[in-house]
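For reference, the structure is listed below as C-alpha cells.
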There are 2 protein chains.
Amino acid sequence: MAKKEKLSTDPYKGVRDFYPEDQAFLNYFFATIKGMVEKAGYVEYGASILEPAELYKSKGVENEEIINEQTYTFVDRGGREVTLRPEMTPTVARMVAGKRRELGFPLRLFSIPNLFRYERPQRGRMREHWQLNVDLFGSDSLYADAEIIGVAYGVMKAFGASDDDFVIKVGSRIWLNQLISELGLDAERAQSLRRLLDAKDKMPIDEFKTKLAELQVPEGVVLDAAPPAEIQRMLGEFAAAGITNIVFDPSIVRGFAYYTGMVFEVFDTHPLNNRALFGGGRYDDLTEMFDDEPIAGVGFGMGDATVHNFLEVRGLLPAYLPPTKVYVAITSPELAGEAQTFAGFLRAQGINTAIDFGDRKLGDQIKTATKHKIPYIIVVGPDELASGSFVVRDLAAGKDIPLAKEAIADFFLNS
Amino acid sequence: MAKKEKLSTDPYKGVRDFYPEDQAFLNYFFATIKGMVEKAGYVEYGASILEPAELYKSKGVENEEIINEQTYTFVDRGGREVTLRPEMTPTVARMVAGKRRELGFPLRLFSIPNLFRYERPQRGRMREHWQLNVDLFGSDSLYADAEIIGVAYGVMKAFGASDDDFVIKVGSRIWLNQLISELGLDAERAQSLRRLLDAKDKMPIDEFKTKLAELQVPEGVVLDAAPPAEIQRMLGEFAAAGITNIVFDPSIVRGFAYYTGMVFEVFDTHPLNNRALFGGGRYDDLTEMFDDEPIAGVGFGMGDATVHNFLEVRGLLPAYLPPTKVYVAITSPELAGEAQTFAGFLRAQGINTAIDFGDRKLGDQIKTATKHKIPYIIVVGPDELASGSFVVRDLAAGKDIPLAKEAIADFFLNS
C-alpha cells in the first residue's frame, strides 16, 4: 500500500460506533423488546433504509421542518430522489397498503429499524438511532388503543422499570379538534394552541396560563378538562387491572400531523429527567397516501438512546458479559493446534470458547482475556495435555479450580 | 389529509421489503450465524451505515470501479462527503485502529451489517444486502488463517449443508506474488494474470490455457502448482480432523487489493449453481490507513441472498412458523376486554398470544389466523368464559382439543 496521509478513526459526525459493550446493550434492547412484543402477538418486519423521497412529502404541514431540513435526501445516479428514512411509520403504512389483500387484519407488526435525521448532534439525539416501532393495523376498536398502550407499558416493565418510574399520559386528537371547533379558532390559532400544549411541560405553569390567555383560550377548558368517555373507560380498565400510572392529560398532542385519535407519551418521573421518553397514537388515514380505502392504525416508537439514559439513571443497565465463557491460553505457539482441538471439545458441549495463538507471553494472554471480560481462563501446556488434568481460573474470584478434561464443560454449564 | 395523487407502494428500486416471512429468514440467518460464531469466541460489534467517503478511497487501484461508480456517495449539508458503506472491512479496520490500546489481541469480531452498492439489480445482487463479517485481528499465525476457514466451514454446517454440498478453495497472494516475481511480469501483465485467474471458473479450461499462453505464462506453473508449505500443512490438519472439502486452488485471488496472504472462496458444488458463494482472506496492512503500526487481520464476508439461494436449491430453508402460538377469536366485540385478560393469562405462562377485537365475523377471524399461519385458535364466547372450558383448534390438523383453562398453557408448552 502506498504511503498516504493517515485517515481519522472517528466515525462520521453524529453517528456511533458500537464496540462489543455498546453492541451488547443494543442486543439487550432488541431482545428485551422482542420477547415482550412477541408475547403479545406482534411479528417482526423490516425494510431498507432507502425510501423514495416523496414518501415523506405528503403528510401535511406540521413536520415540514423535519421533511425539508432534517432528512438525508439526495438524488441517485438514476435521477431518483431518495431519503434515508427519518421514521418508520410511512414505511410500514406503505408495506401494509401494498399487500392489504394478503396480510389479514388485525395485523400486529413490529420492527427495530435505524432512522436518520440530519440535525445537530446532542444528548439522546443522534443523526442515526434505533427505534422500536409497534403497530396494530385494521381495527379502530378502543381495545386496540388500549392494547398498544399496554404494550408500551409492558416494554417498560420488561426493561425492569417499576410503576413509580414512569407515567403514561394519554391525550386525544378528537377532544382537541372538538375544543378548537367549540372555541372557533382559526387555522393559525389552532396551530398555536397545539404547539403551546405540546410545550406545556417545558415551561412554568404560570407562563403556560399566560400564553393560553393570549390565545383567548380559557385555562379551565384545558387544565380542568375531563377525559373523553372512551379514555375514561380505558383508564378504568387499566386501574381495575392494578395499573394506575396511566392518566389522561389533555396537553398531549404529539408532533406528527397524521394522528387522528388517541395519542400518548410515556414520561420519566425522575426529578432530574422529567421528560417524555417516547409516545405514539392512532393514525387512521395514513394509508390514504397509497389507496382510497384507509386502514386504521395505532402504534408507537421508542428510541434506544432514550431507553439507555432511563436505565442508566436508575441503575437498571445490565452488566456487560461477553458471549465467550472461557479463554484458552497456551505456553507456546506450537500448541495452537492442540488448543483449537481442546476448544472444539468444549464447543461441542455448548461452551463458547476462544483460544490464544501463543504469539505473546502468558501474562499478555491473560491480559487479553481480562480486557475482553471473559470470566474463565484455562492455560494449556504439555503437562495438561499429557495428564488430561486442567486448571480453570475464575478471573473475577481469583480462584483456581482443578478439573479433569471431561468435567470442564459440566462445570461451566452449572456455574 | 388533503386529496393527493396516490403514491406507489413499491420500495425504492433494487432494495427489498421484509414482510414477516422474509424477515423470519433474515432472523434465521442472523441467529444461525450468531450461534456458530459465538461458539468460536467471536463477539458482535456494529457501526453506522454512514461513513466518511475517504475511507474507501485509499485502498489501491483494483476496486476503483466499485469506489467511483458503485457507491452511494453524497455531500451532506455540512459539506462532508459521506458514503453508504459498500463493505464492512474498512469500518472494522477503522474501529480496531481507533481503540488498539484498549481492545486486547487476538481480537475476534463479527457483525451482520447491511451494505449498499449502486449497481444494476440482478439475482443475488441487490442494492442493499446483509452480510456476515467475521474478522480475527492481531495474529499472523497460520492457526488464525485456519480458524477463519474453520469458521466459514462451521457456518455452512450450521445452515445444514453437508460436506458434499460445498468446497472451500484456498489460494495464496504470497504464492501469486512470488510467481509474478519469478516470471518477471510487469505491473500490467501481473494485473492481467490476477484478473485471468479470478475469471478461471467462468470460462472453458481451453480458453483459460490460451489466455495464459497469451500472457506468456506456462500453464503448468498455475495448473500443476503445488500448495505452499503452510497451506499444505493446514489442509493436512483439516484432513486429519476428517474435513476433506478444503483444497488448494492457485486461481483463487479475490478482488480486493488489500489481501496480503491466504485467500479463500467457498464454492457451491451444485451442478446448476457452480459458483463462489463467499470468501475472504488475510489483510495485514489495512489498518495502515490510520496508523503506522499495522494490525494483522484475517476474515471473510457472507451475504444473505447467496445463502438463501444455496439453501433454497437444496431444500434446506426452514419452514415459516410465526412467533405467535395461539389466536383468540371472540363471538362479539364486547368480549375484547375479556379476550385480552384471557390472553394475558396465557402470556404470563409463556405462550405468545394474539387476540381478535371481534370487528369481523368469526369465520373472518379464523381466516386472519390462517393468513398469519398461527397454528392454534381458541374461540372465546360467553359459554367458555362462564364454564372455564375451552376448545383449542389445531388449524393444520383440523383437530379440536377441549381443555380446561388451567391446562391450556401446559398443552402448548408440550406440543
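The values are calculated or read from the model by the stated rules, or taken from the named source; none is laboratory data. Owing to the predicted nature of the structure, the values given are computational and were not obtained by experimental measurement. Methodologically, a virtual Cβ is constructed for each residue, glycine included, from the backbone with ideal geometry; neighbour enumeration extends over all protein chains shown.
Those strands (runs of 3 or more DSSP E) of segment A:364-415 in which at least 3 residues are farther than 26 Å from A:P20 by Cα, considering only elements entirely within it, cover A:389-394, A:399-404. For segment B:140-191, filtering for residues that are over 30 Å from B:N309 (Cα atoms) and part of a loop (DSSP other than H, G, I, E, B) leaves 5. I'd like to know if segment A:230-240 contains one or more residues that are part of a loop (DSSP other than H, G, I, E, B), surrounded by fewer than 23 Cβ atoms within 10 Å (Cβ to Cβ) and modelled with pLDDT under 95. No: segment A:230-240 contains no residue that is part of a loop (DSSP other than H, G, I, E, B), surrounded by fewer than 23 Cβ atoms within 10 Å (Cβ to Cβ) and modelled with pLDDT under 95.
The residue that is modelled with the lowest pLDDT, among those in segment A:155-203 that are crowded, with 16+ Cβ neighbours inside 10 Å and within 14 Å of another protein chain (Cβ to nearest Cβ), is A:R173.
Restricting segment A:241-267 to residues that are in a strand (DSSP E or B) and of a type in the set (F, W, Y) leaves a set whose member that is surrounded by the most Cβ atoms within 10 Å (Cβ to Cβ) is A:F264. Would you mind telling me which numbered condition in (1) more than 10 Å from chain A (Cβ to nearest Cβ); (2) surrounded by fewer than 22 Cβ atoms within 10 Å (Cβ to Cβ); (3) modelled with pLDDT of 95 or more B:E64 fails? Only one criterion is unmet by B:E64, namely (3).
Matching residues to (1) in contact (Cβ under 8 Å) with a residue 24 or more places away in the chain; (2) basic (K, R); (3) under 15 Å from A:L142 (Cβ atoms):
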position	(1), (2), (3)
A:Q178	no, no, no
A:L183	yes, no, no
A:L215	yes, no, no
A:A225	yes, no, no
A:R233	yes, yes, yes
A:A239	no, no, no
A:N245	yes, no, no
A:R254	yes, yes, no
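Among residues belonging to segment B:312-330 that are outside any loop (DSSP other than H, G, I, E, B) and surrounded by fewer than 20 Cβ atoms within 10 Å (Cβ to Cβ), point out the one that is nearest to the chain's Cα centre (by Cα). Only one residue tops the list, namely B:E312. Can you name the residue in segment A:5-31 that is at the interface with another protein chain (Cβ under 7 Å from one of its Cβ atoms) and touching a Pro at 6+ places or on another chain (Cβ under 6 Å) and, of all such residues, is surrounded by the fewest Cβ atoms within 10 Å (Cβ to Cβ)? Once the filter is applied, the top-ranked residue is A:D17.
Would segment A:292-315 turn up any residue that is within 14 Å of chain B (Cβ to nearest Cβ) and of a type in the set (V, I, T)? The answer is yes, given that some residue of segment A:292-315 is within 14 Å of chain B (Cβ to nearest Cβ) and of a type in the set (V, I, T).
Got a sec? Which strands (runs of 3 or more DSSP E) wholly within segment A:70-134 have at least 3 residues that are at the interface with chain B (Cβ under 9 Å from one of its Cβ atoms), touching a Gly at 6+ places or on another chain (Cβ under 9 Å) and at pLDDT 95 or above? Talk me through it step by step, then tell me what you get.
On the way: elements: A:72-75, A:81-84, A:107-111, A:114-116.
The strands (runs of 3 or more DSSP E) meeting that bar are A:107-111.
Select from segment A:331-365 the residues that are within 18 Å of A:Y376 (Cβ to Cβ) and more than 10 Å from chain B (Cβ to nearest Cβ) and write down the one among them that is surrounded by the most Cβ atoms within 10 Å (Cβ to Cβ). The selected residue is A:F342.
Hey, among the residues in segment B:181-200 that are over 34 Å from the mean Cα position of the chain (by Cα) and among the aliphatic types (A, V, I, L, M), which one's farthest from B:A239 (Cα to Cα)?
Going through the qualifying residues, I end up with B:A187.
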